[in-house]
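We did not get these values from a lab; they are worked out from the coordinates using the rules stated. Just so it is clear, the structure is predicted and the values come from calculations on it, not from any experiment. Because the Cβ atoms are built from the backbone with ideal geometry, glycine has one as well, and the counts that use them run over all protein chains shown.
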Amino acid sequence: MKHVYKLAIVVMAFIAAFSSQKSLAQCTCSGGAPATAISYSSSIALVKASLLNFYFPQFDPTIGTLSCVRVRDTLGLVSTSSALNSGPDSAAFQFLLTLFAKVSAPGIASTKTFTKTYPYTNGYDTLAPYGVPGYTRTYGPDTIFSNLPGTSSTGGNAAYIGTGTTAVTYSISGGLIVADGPANDTTSISTVIGGTIWLTYYWCPSIPLGQIFNNFTALKKDKFIELSWLSPNDQSNASYEIQ
């Protein structure tokens, strides 16, 4: 009669707890050693745009294991808003500018919000009838953000690993609306953005599977055979397949 024995594997080695999704405060290697940092930066002068892409080298997996990724920025934003009265009569207006500056990358999204009321005081601007001098108004250019720091992080996202590039995007959304006044209006906004973005990889060295095995034993327990051994040079999260 053929007998099949189920193997219960017991590895007598200390294995540090590890999670692929970590905050930077927990971005450590096996045994609590701090992860090694590799940083890249990219800067661009202020340019009239609502979206910029920054490209960084991906993490080379041959040097180790990616543990965490951090994106920092000191980006700037200048906006100019325009409004006009499209109606046949003079009208008093108050406008509200709302802008969202977003830094996004795989697993990362960081947003800064800005609001401002025009005119610059709490009063109103009276615009002349359409086509008559004074029917338009321009607000700005106003510096919305200037070297305002931002930071966000993610775990060892696979999108950052390889030999190509990873894009970090800086985008502006929002607009100018009538906070108070008639609907006979047309508004527009233009933005100038720029600054510096840093991308930092935190990585741990790759450690080969243990090649030294001590105190190997095999004991029969009921219908199981329990194997145990000590591997002093093992790596975290090691697993073995018994054949």
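Testing the spin-label approximation: label points 7 Å from Cα along Cα→Cβ at SER50 and SER228. State their distance in nm.
Placing both labels 7 Å beyond Cα along the Cβ direction yields 6.7 nm.
Based on alpha-carbon atoms only, what is the radius of gyration of the stretch 63-125 relative to the globular estimate 2.2 N^0.38 Å?
Details: Rg = 19.9 Å, N = 63, 2.2 N^0.38 = 10.6 Å.
Computed over Cα atoms of the stretch 63-125, the ratio equals 1.88.
At 0.36 nm per residue, and after removing the present C-alpha to C-alpha distance, how many nm does the segment from SER90 to VAL178 gain when stretched out fully? Before the final figure, lay out each step's value.
Details: separation 88, 0.36 × 88 = 31.68 nm, distance 1.52 nm.
In short, 30.2 nm is gained.
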